[in-house]
1. So, counting K/R as plus one and D/E as minus one, what does the shell of residues with Cβ under 9 Å around Pro9 add up to?
2. To the nearest 500 deg cm²/dmol, what mean residue ellipticity at 222 nm is calculated for the chain from DSSP H runs of n ≥ 4 alone, each contributing -39,500 (n - 2.57), summed and divided by the residues?
3. Treating cross-link reach as a plain straight distance, find the lysines whose alpha-carbon is under 24 Å from the alpha-carbon of Lys207, omitting any fewer than eight places away in the same chain.
4. Report the local net charge at Asp87: Lys and Arg +1, Asp and Glu -1, summed over other residues whose C-beta lies under 10 Å from its C-beta.
5. May I ask you to give the solvent-accessible area per residue for the chain, in square angstrom, as obtained with a 1.4 angstrom probe?
6. In the chain, what cysteines have no partner Cβ closer than 4.7 Å?
7. For segment 150-194, what class follows from the C-alpha gyration tensor (a ≥ b ≥ c being the square roots of its eigenvalues): rounded when a/c is under 1.5, otherwise prolate if a/b is larger than b/c, else oblate?
8. When the accessible area of segment 1-152 is split by element with a 1.4 Å probe, what percent falls to carbon and sulfur?
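The values are calculated or read from the model by the stated rules, or taken from the named source; none is laboratory data. Treat the numbers as computed from the prediction; the structure is a model and nothing was measured. Here the Cβ positions follow ideal geometry from the backbone for every residue, glycine too, while neighbour counts run over all protein chains shown. Remember, those area values only see protein heavy atoms, side chains included, never the ligands or the DNA or RNA. Shrake-Rupley method; radii C 1.70, N 1.55, O 1.52, S 1.80 Å.
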Amino acid sequence: MTNHNGYLPHFKHFRYTCDRHVKKPYEILHNPRPLPLSEDLTKALEYLLWYVPNINSFQSRSNVLITELLYEDFSFRMISETLTLHDEDILFLDYIDDDIVDYYMESICTNCQKVILTLGEEETKVSSLVRHMRNAIAHGYFTVVDDRIIAFDVKHYPKKEKSYGCTAVIKLDPINLVRALRLLGEELTHEKLAQVAFTRCGYEILKTDEESQDLPFDFLMQKKGRVYAVEIKKIDFEGVAEPQHLDDILANFPADVDETKVLLMDSAVLDRRAKAALREHHIFLLDRDNLRSLMSGDDILERIRKHMNAE
């Protein structure tokens, strides 16, 4: 495998191309201008430029599943699975050699997808992906070849002082990337995250509303013979929820269940008055801070249950 300079770094798992390699030439300079893109591709690029969560755009909203390091493995795995990316397609580096950039310049294989990224300090993998993609689109260092975007987050193009100053090379399906990112904002995704968190603390998931449409809450789980009915409530803001927010919250949780009731709010923190109101309804409340504890293997629910029973 060669490139312009004749040297390509070797990595243990990453592969630069695939077994179905087909070389498709392209020019990074758009011709014609604007590019003749489908409506779906145009919308995908607009979303990645302005609306994707946690980018430097006034139109962008925050999503803790993208920004929180605690959720990084869960979120990046979901992105990878949706895009059908494998270990051989993903590479994280401290520095991207110009030889790697040169390999993907002027021609690419459109039968595979590749993501080569550098990470900022305390930055998650998903945050890095959307930031670099947005930068590449905003500065025009991209084009589309057979519905594949090839994008470079570079400081210099052409090279300046014999270096691109490249921090990302991205070759993938932008429509599927947008679909994957939107999944991170859906309630079903938050349910799956909660199931992962409880499983880490020794709970067994018995049944979910995805499997049983007649289940009036999100899922059933058990631990040490005790069965819990769990409802996930994703509210439209991040911050502190107060008692006046509880009417809508309680309306999403059925009252006529025999199992121990657990309400998980993964995008907000409740104040003391709101928590007291839920106790009056005999509901165990877990908020965003408690979810972090569960994800780290700390069974905060068991401690809360024992504390409430002791009162």
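1. On the way: positive: none; negative: Asp97, Asp99.
It works out to a net charge of -2.
2. Values: 11 runs with 104 residues, N = 311.
Dividing the helical sum by the residues of the chain leaves -9500 deg cm²/dmol.
3. Cα-Cα hits under 24 Å: Lys192, Lys223, Lys224, Lys233, Lys234, Lys261.
4. Values: positive: Lys12, Arg15; negative: Glu88, Asp89.
The answer is 0.
5. Details: 16200 Å² over 311 residues.
Per residue, the chain has an accessible area of 52 Å².
6. Unpaired cysteines in the chain: Cys109, Cys166, Cys201.
7. On the way: a/c = 5.87, a/b = 3.19, b/c = 1.84.
Verdict is prolate for segment 150-194.
8. Details: 3820 of 8120 Å².
Whole-percent figure for carbon plus sulfur exposure: 47.
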